[in-house]
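For reference, the structure is listed below as structure tokens.
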């Protein structure tokens, strides 16, 4: 499996999804602003998203995919053995999900209160609206968990594109709700978005089910039974969920503290900043992490430890090539980017300032967020899901301590800074443990390229700082002028970075070309 090709496929579809997602956010900012309704909806949407990251995408990516692939491999490539395992997993997963979703819908009031403290800003009806929207959105968890099971099967069969395309349906559903059914009031628009979330879950499930049927994967519902393989899956899935959800836990902590202690709009500022910060993370980190796990599992299964280490070095080189400039650009040009993309309608200039400050702080941790996605498969491919959990818990404690310390002086910026710091603690600890165990060593090529990539990124940042001054007025003009100015800003930064990479000889362009063109 060519890692760059797989990453390109997943990353390209993720790019489409993230661009559509930001179109959705621009429309939501325009119709709902950054106040009572947006805060309530984002709290409601955060809950199913957290459990999706923990149990659906995170846990199944880390636990189910290697076990499914190993089951097929041990049976000599017999897909029916893998399907039996998937059916056994589904028989236990489905009733648990149904019961859990029902409990969360019924107990939405206490859950939202525990997360927000009832909102200390005392906006009338805000808590009740958040509870109502949580009940509307939470069935999404049941649906997206089934999507993740089916997507894990397809990923194991190296049909990465189908699962990578599923989030596009979520964003199309939310955009359709905003364009076709948005209300004249902010609260009405928030209710439309909550309903669109569940509709999107149905669409994603139908899409993955259709793809599985076309791949001759037809799962039958069995009576729930704890077979040895299912017991093994359950023993791995808990730690895997916590490890994969560390960033989501940190964001949940941040959101809860913002809802309790900061003025109205703080939850929205954090959300919009995180969404922009997640754009390169989704394109690069999720893409390469998804492709890397089955690749490492196969190499380690074949006792080819040297090739596995080489693969991980090249994965780190690739993500730093792409994320270091993204981090520098988002730190230096956070304000003009936010103004150009979000400052319309109900989203004010003051909202832009607060969101840009949070974005710059979040982006300091962007390389760490992506490195976590690359380093964690080094544990999961060896069926070690407990070590990443211990590290994730430590990083969450760092995040909590940072939040409680910085929130009083820096507000939203303090929350974003502590989240970035926690990500670096997580990434560095993962690297240190892999190195200590002899599972990863930085090779000469990576040691040579990292400082040169940093130099090229800093040179690009200097160019962008000058471009910020030149394009400042245009970025706050009409839509066509904004688009042109933002395109000029981004294009100039891209050219400056490519020139810096070439000048400092940070990577070999011939190596990149060979990776892009090399077949299996």
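Here are the numbers for the structure shown:
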read-out: Among (1) more than 21 Å from residue 333 (Cβ to Cβ); (2) modelled with pLDDT of 90 or more - the single one residue 464 does not satisfy; value: (1)
read-out: Answer residue from the range 437-458, given it is at pLDDT 85 or above and crowded, with 19+ Cβ neighbours inside 10 Å and is nearest to residue 345 (Cα to Cα) among those; value: 457
read-out: Subset tally (residues that are under 30 Å from residue 313 (Cβ atoms) and surrounded by fewer than 17 Cβ atoms within 10 Å (Cβ to Cβ)) for the range 464-503; value: 7
read-out: Residue within the range 225-237 that is assigned to a helix (DSSP H, G or I), under 23 Å from the mean Cα position of the chain (by Cα) and under 30 Å from residue 37 (Cα atoms) present; value: no
read-out: Condition check for residue 73: in a helix (DSSP H, G or I) and either in contact with a strand residue (DSSP E or B) (Cβ under 7 Å, 6 or more places away or on another chain) or modelled with pLDDT under 75 (or both); value: yes
read-out: Residue in the range 174-181 that is buried (at least 23 other Cβ atoms within 10 Å of the Cβ), in contact (Cβ under 8 Å) with a residue 12 or more places away in the chain and under 17 Å from the mean Cα position of the chain (by Cα) present; value: no
read-out: Among (1) within 26 Å of the chain's Cα centre (by Cα); (2) part of a loop (DSSP other than H, G, I, E, B), the one test that residue 438 misses; value: (1)
read-out: Residue in the range 444-460 that is closer than 30 Å to residue 265 by Cα and in a helix (DSSP H, G or I) present; value: no
read-out: Neighbours by Cβ (under 7 Å, 6+ apart or cross-chain): first from the range 264-275, on the phi < 0 side of the Ramachandran plot and crowded, with 22+ Cβ neighbours inside 10 Å; second modelled with pLDDT under 85 and not in a helix (DSSP H, G or I); value: 268/34; 269/34
read-out: Number of the condition not met by residue 420 [criteria: (1) under 21 Å from residue 322 (Cα atoms); (2) surrounded by fewer than 20 Cβ atoms within 10 Å (Cβ to Cβ)]; value: (2)
read-out: Yes/no for residue 196 being assigned to a helix (DSSP H, G or I), free of Cβ contacts under 8 Å to residues at least 40 places away in the same chain and either buried (at least 20 other Cβ atoms within 10 Å of the Cβ) or in contact with a strand residue (DSSP E or B) (Cβ under 7 Å, 6 or more places away or on another chain) (or both); value: yes
read-out: Breaking point among (1) at pLDDT 90 or above; (2) farther than 29 Å from residue 84 by Cα, for residue 205; value: (2)
read-out: Residue within the range 133-142 that is modelled with pLDDT of 85 or more and under 21 Å from residue 226 (Cα atoms) present; value: yes
read-out: Enumerated helices (runs of 4 or more DSSP H) restricted to the range 240-307, each holding at least 1 residues that are at pLDDT below 65 and more than 19 Å from residue 421 (Cβ to Cβ); value: 287-301
read-out: Test: residue 226 is farther than 21 Å from residue 378 by Cβ and modelled with pLDDT of 80 or more; value: yes
read-out: Elements of type helices (runs of 4 or more DSSP H) in the range 363-433, at least 2 residues being at pLDDT 90 or above; value: 366-375, 386-410
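Residues checked against (1) farther than 27 Å from residue 39 by Cβ; (2) without any contact (Cβ under 8 Å) to a residue 60 or more places away in the chain:
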| residue | (1), (2) |
| --- | --- |
| 311 | yes, no |
| 314 | yes, no |
| 323 | yes, yes |
| 328 | yes, no |
| 341 | no, no |
| 347 | no, no |
| 350 | no, yes |
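Table: residues versus (1) in contact with a strand residue (DSSP E or B) (Cβ under 9 Å, 6 or more places away or on another chain); (2) surrounded by fewer than 24 Cβ atoms within 10 Å (Cβ to Cβ); (3) at pLDDT 75 or above; (4) over 30 Å from residue 349 (Cβ atoms).
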site: 3; (1), (2), (3), (4): no, yes, no, yes
site: 8; (1), (2), (3), (4): no, yes, no, yes
site: 12; (1), (2), (3), (4): no, yes, no, yes
site: 20; (1), (2), (3), (4): no, yes, yes, no
site: 28; (1), (2), (3), (4): no, no, yes, no
site: 34; (1), (2), (3), (4): no, no, no, no
site: 48; (1), (2), (3), (4): no, no, yes, yes
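The values are calculated or read from the model by the stated rules, or taken from the named source; none is laboratory data. What you are looking at is a predicted structure, and each value in this text was computed from that prediction instead of being measured. Glycine also receives a Cβ, built like all others from the backbone with ideal geometry; neighbour counts cover every protein chain displayed.
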